[in-house]
Amino acid sequence: FRSWINAIAGNNPSNEVLYLNIDKEQVDILNFNNGKICFYNSFSFSNPDELVYFAALVAQQLQLQPKDINLVVSGDFEETDTNAARLSEFFGSVERSYLNVLHFPLEISANQLPALAALSLCVSSEED
């Protein structure tokens, strides 16, 4: 997920944003402070309430109020799914990430890109 982190870092990330990348039942949460990584960790979750819990826990650790935080989400996420609905109840705003790291076919949406990029890392590590 280094490419995901680098792509966010290269787009002037805000201190009041938590970046989430959801892959089925795992979420990576990232935050920057003054352009440097302040927080990064992965959590396993099994329902939307657990996803909210981990995002709120990170906000608490960063001493940020959930209603003041914007979430930018990539991966297995649609703005109309239950994860989005539940996150929206607790956080200032929840939006899908539209970061373009690469040019890709129209059939692939931008929020699916981090998971696809990780696949290439898996292949390259098997070749070593």
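The values are calculated or read from the model by the stated rules, or taken from the named source; none is laboratory data. It should be emphasised that the depicted structure is a prediction, and the values quoted were computed from it without experimental measurement. We place every Cβ from the backbone using ideal geometry, glycine too, and count neighbours over all the protein chains shown. Protein only, heavy atoms only, side chains kept; ligands, DNA and RNA dropped before computing areas. Shrake-Rupley method; radii C 1.70, N 1.55, O 1.52, S 1.80 Å.
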- Item | Subset of the stretch 19-28 [of a type in the set (D, E, K, R) and open to solvent by 10 Å² or more (accessible area, probe 1.4 Å)] | 23, 24, 25
- The residue from 41, 31 that alone is surrounded by 18 or more Cβ atoms within 10 Å (Cβ to Cβ) and either touching a strand residue (DSSP E or B) at 6+ places or on another chain (Cβ under 9 Å) or within 19 Å of residue 66 (Cα to Cα) (or both) is 31
- Out of (1) under 17 Å from residue 59 (Cα atoms); (2) touching an Asp or Glu at 6+ places or on another chain (Cβ under 9 Å); (3) without any contact (Cβ under 8 Å) to a residue 24 or more places away in the chain, what's the single condition that is false for residue 46? (1)
- Query: When you go through (1) open to solvent by 50 Å² or more (accessible area, probe 1.4 Å); (2) within 22 Å of residue 98 (Cα to Cα); (3) not in a loop (DSSP other than H, G, I, E, B) one by one for residue 7, which number turns out not to apply?
  - Reply: (1)
